[in-house]
Amino acid sequence: MQTRGALMIEHRLIERMISVIQRTLKQIESTKEVEPALIDTVVDFIRVYADRTHHGKEEDILFRELSKRDLSAEDDKMMKELMEEHIFARQTTKALVEANNRYRNGDSSALKDITNKLGTLVRIYPVHIEKEDKSFFPAAGAYFTDEEDQDMLSEFKEFDRNMIHERYKQVVERLEGK
Ligand SMILES: [Fe+2]
Ligand SMILES: [Fe+2]
């Protein structure tokens with residue numbers, strides 16, 4: 001397994017969640033309502049898995065190592081675009097959380113903001129993933145030896161190992177009111 005294989009496996013799960021979101025959008029269209037707890041689950045996946053765990057490994061390990069290399073102007077530009085897209089996904093998710101809270105508190109007009117933000121996630125993730133799978137990861141691979149790639153893969157494993165602890169520490173801290 002190479003680093004890009006590990007990241008591509010995660011992309012396949014993110015795509016499955018995008019399909020779930022598409023299905024949810026169709027349901028909202030026909031019923032004109034949504035279960036706020038379902039949006040909480042979608043947000044939890046996007047934040048903890050897609051962003052913290054997946055984008056986390058890309059930014060904190062792969063992009064960090066690439067930043068030490070003499071990247072071509074094209075690859076450097078692509079990496080910056082990908083980082084911008086991670087930021088945009090984070091902002092979209094934050095706006096989704098806010099809309100969901102308004103909706104839960106009785107503001108039915110927030111439903112259109114929820115569908116709007118879910119629609120944005122459906123639009124941006126597949127394009128981002130395709131750019132990484134087809135263009136960026138193959139280009140990035142050329143900057144590393146097999147050994148360097150395996151070192152990053154080990155770091156990925158350590159990063160993932162820490163995630164479950166970080167996640168549940170947060171849960172306890174939130175319940176403690178910190
Ligand atoms: Fe990414
Ligand atoms: Fe990715």
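No value in this document is a laboratory result; all are computed from the given coordinates. Every value quoted in this text rests on a predicted model; they were computed, and no experiment measured them. Cβ coordinates were reconstructed from backbone atoms using ideal geometry, including for glycine residues, and neighbour counts include every protein chain displayed.
Overview of values
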| quantity | calculated |
| --- | --- |
| Boolean, residue 64 is more than 24 Å from residue 20 (Cβ to Cβ), within 15 Å of ligand 1 (Cβ to nearest atom), basic (Lys, Arg) and loosely packed, with under 15 Cβ neighbours inside 10 Å | yes |
| Selection within segment 127-163 - in a loop (DSSP other than H, G, I, E, B) and in contact (Cβ under 8 Å) with a residue 24 or more places away in the chain | 143, 144 |
| Candidates 92, 3, 53 - the one that is of a type outside the set (A, V, I, L, M, F, W, C) and over 25 Å from residue 155 (Cβ atoms) | 92 |
| One residue from 42, 48 being within 16 Å of ligand 1 (Cβ to nearest atom), crowded, with 16+ Cβ neighbours inside 10 Å, touching a residue at least 12 places away in the same chain (Cβ under 8 Å) and more than 16 Å from residue 129 (Cβ to Cβ) | 48 |
| Of all residues in segment 75-126 being within 16 Å of ligand 1 (Cβ to nearest atom), closer than 21 Å to residue 17 by Cβ and free of Cβ contacts under 8 Å to residues at least 12 places away in the same chain, the one that is nearest to the chain's Cα centre (by Cα) | 87 |
